[in-house]
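Enquirer: Below are the structure tokens for one structure; questions will follow.
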Amino acid sequence: MKLLILPKGAGHSDDDKSIGTQRKIAMIRVAPAATAALFSCATALAAPPTFSLSDSPSPDGRCIGDKGVGDLDRSEQACLEQVGDLAHRVGPGLQLKFRNGLTRVYVNEEAKCQSDAVEGCITYKLTGYFPKHDLTLIEVGYWEGVSWLLVRADTGAASEIVAPPHYSPSTGWLVSVASSVGPSGPPNGVDIVSSASDPSLKEWHYRVPDDEWLYEFAGWDGDDRVKLFATSTGAPAKHLTASVERRSGEWHLVGPK
């Protein structure tokens with residue numbers, strides 16, 4: 001992952017001295033140039049709606065004027081128009097200027113995506129904005145994958161998540177759920193992130209060990225419980241329920257049962 005961090009007041013040009021930072025991001029395996037192939041990706045849970053990774057794609061954070069409905073048809077242009085000076089497309093780079101004055105540039109490695117080896121292929125697209133909490137959503141595309149970053153516009157702090165997230169009833173939390181069978185799908189996991197920039201509200205990230213179960217978002221039950229559908233990957237498949245519940249300030253997986 002190539003990031004350019006610019007100091008306060010700096011612009012972006014070919015002469016800028018920048019810092020390249022490599023970060024590992026959870027991956028779904030589908031080529032950016034062939035992202036549409038994922039739209040029909042079948043999971044053990046059900047065939048997802050068009051342009052979606054799940055039966056319940058989140059409408060939250062979709063930018064004004066974006067007429068899409070799924071996880072993968074979100075409009076960067078609509079988001080750029082909505083966020084104003086916060087984000088710009090500068091050639092192959094997505095430039096974000098945070099409220100604290102720092103600037104970060106997420107640089108597309110499009111040449112690597114078009115090479116035979118495709119190692120290091122990565123692209124970035126602004127696909128969501130949560131104005132109430134000043135959060136941006138960035139889709140990160142790989143040759144065989146896609147993931148998302150939830151980035152705070154005040155500081156630039158980022159959380160890696162597996163799918164566009166759903167707000168809790170009070171909008172205090174955001175949950176992201178994704179799963180698949182085999183190597184060509186989203187990572188099996190659940191992420192819960194506080195909407196507010198508050199260190200006392202701990203994030204929770206879970207990746208399913210050995211792909212034993214596939215989880216699907218079933219809804220929020222208040223602000224402290226996320227309902228899940230759970231399907232086993234073994235034969236015969238078991239269809240159960242599960243949940244993630246917050247107790248004494250900590251999130252815990254309950255079930256499947």
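No value in this document is a laboratory result; all are computed from the given coordinates. What you see is a predicted model, and the numbers here were worked out from it, not measured in a lab. Cβ: placed from backbone, ideal geometry, glycine included. Neighbour counts: every protein chain shown.
Enquirer: Could you work out how much longer the chain between ASP154 and LYS67 gets when fully extended? Use 0.36 nm per residue separation minus the Cα distance between them, nm to one decimal. Numbers along the way, then the final one.
Expert: Numbers: separation 87, 0.36 × 87 = 31.32 nm, distance 2.74 nm.
Taking 0.36 nm per residue and subtracting the Cα distance, the gain is 28.6 nm.
Enquirer: Could you tell me the calculated FRET efficiency between VAL90 and ALA235, based on Cβ-Cβ distance and R0 = 35 angstrom, to the nearest 0.05? Don't skip to the end; give the middle numbers.
Expert: Details: r = 51 Å, r/R0 = 1.44.
That pair, VAL90 with ALA235, gives E of 0.10.
Enquirer: Using θ = phi - 60° and the Karplus form 6.51 cos²θ - 1.76 cosθ + 1.60, what ³J(HN,Hα) does each residue of the range 71-80 get, whole Hz, x for Gly and Pro?
Expert: Here the 3J(HN,Hα) series is 6, 10, 10, 6, 9, 5, 4, 4, 6, 4 Hz.
Enquirer: A further question on this structure: Using the Karplus equation 6.51 cos²θ - 1.76 cosθ + 1.60 (θ = phi - 60°), what ³J(HN,Hα) coupling, rounded to whole Hz, does each residue of the range 211-226 give in order, writing x for Gly and Pro?
Expert: Once θ is set to phi - 60°, the couplings for the range 211-226 become 6, 5, 10, 10, 10, 10, 5, 10, x, 8, 10, x, 9, 10, 8, 9 Hz.
Enquirer: Which of the listed residues, PRO187, SER197, PRO169, is farthest toward the dipole's positive end in the range 157-226, when Lys, Arg count +1 and Asp, Glu count -1 at the beta-carbon?
Expert: SER197
Enquirer: Using amide H atoms built 1.01 Å from N in the peptide plane, name the residues 5+ places from TRP143, or on other chains, whose amide H lies under 5 Å from its own.
Expert: CYS121
Enquirer: Do the alpha carbons of any pairs in LYS97/LYS202; LYS202/LYS227; LYS202/LYS257; LYS132/LYS238 sit beyond 29 Å of each other, and which pairs? Don't skip to the answer; put the middle values down first.
Expert: Working: LYS97/LYS202 25 Å; LYS202/LYS227 19 Å; LYS202/LYS257 26 Å; LYS132/LYS238 39 Å.
Pairs exceeding the cut-off: LYS132/LYS238.
Enquirer: Given H placed on each backbone N at 1.01 Å, which residues far from THR127 in sequence or on other chains put an amide H within less than 5 Å of it?
Expert: Result for THR127 returns LEU137, ILE138, GLU139.
Enquirer: In whole Hz and in residue order, list the ³J(HN,Hα) couplings for the range 204-210 that follow from phi through the Karplus curve 6.51 cos²θ - 1.76 cosθ + 1.60, θ = phi - 60°; x for Gly and Pro.
Expert: Karplus values, whole Hz, x for Gly and Pro: 9, 10, 10, 10, 5, x, 6.
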